């Protein structure tokens, strides 16, 4: 059985993708060359479920891309909750804002355009219930350390793409031009031993690392 068959089976046995997110998926595939970077149906429903279970008041997303995960994470926001999302590419801003508005979330989602570490420096007074890191992989550790002190005890950090297409496995031979994989491997190894968090590594899609702050 191939990965496509498994994915199709998983989607068939997962709550339906909301129509607005299905529309965003179609538009992303039509208008970008990197649509695979979007969370997608099953992972999106998983993020939504986590958020709905937690009912967070403050959510941080590092790496908005098309806004798919943003909308999923926002589904569980407390009535007075706010989600801050950071995107480095200003060309993506219009689409993100359009879909946030279509979801009726303009008042609850605050989009920041800029380099993540620069934006994070302006959010130092926030306390995070839920953090989703899905940006440049070389900076996973920098983002983790930048926000760790602001995550409440019992709060959750989620890091995406920690399988990195299987290239993190010790059996994978690194190619000379591969600059990202060593950073993903090093981060995974670090947090697995970090006494501040309780890690759970899920082989969902390209790998999700859940880190509960102790």
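Exposure proxy shown here: for 26, 152, the number of other Cβ atoms within 10 Å sets the order, fewest to most, as 26, 152.
For the stretch 144-175, list residues with backbone N below 15 Å from a point placed 7 Å from the Cα of residue 136 toward its Cβ? Answer for the stretch 144-175: 144. Expressed to the nearest 5 percent, the antiparallel share of DSSP beta bridges inside the chain is 35 percent.
Between residue 171 and residue 193, the modelled labels are 2.4 nm apart [label points 7 Å from Cα along Cα→Cβ].
The label point for residue 5 and the one for residue 110, both projected 7 Å from the Cα toward the Cβ, are 4.9 nm apart.
Both numbers refer to the Cα atoms of the stretch 3-213; Rg and Dmax are 16.5, 50 Å.
Under a Gaussian network description of the chain, with springs only between Cα atoms under 10 Å, the residue in 64, 171, 25 that fluctuates furthest is 171.
In plain terms, the chain from residue 186 to residue 117 could stretch by 22.9 nm, reckoned as 0.36 nm per residue minus the Cα-Cα distance.
Read-outs throughout are calculated quantities, based only on the coordinates presented, and are distinct from any laboratory measurement. Computed from a predicted model, the values in this text were never measured in an experiment. Cβ coordinates were reconstructed from backbone atoms using ideal geometry, including for glycine residues, and neighbour counts include every protein chain displayed.
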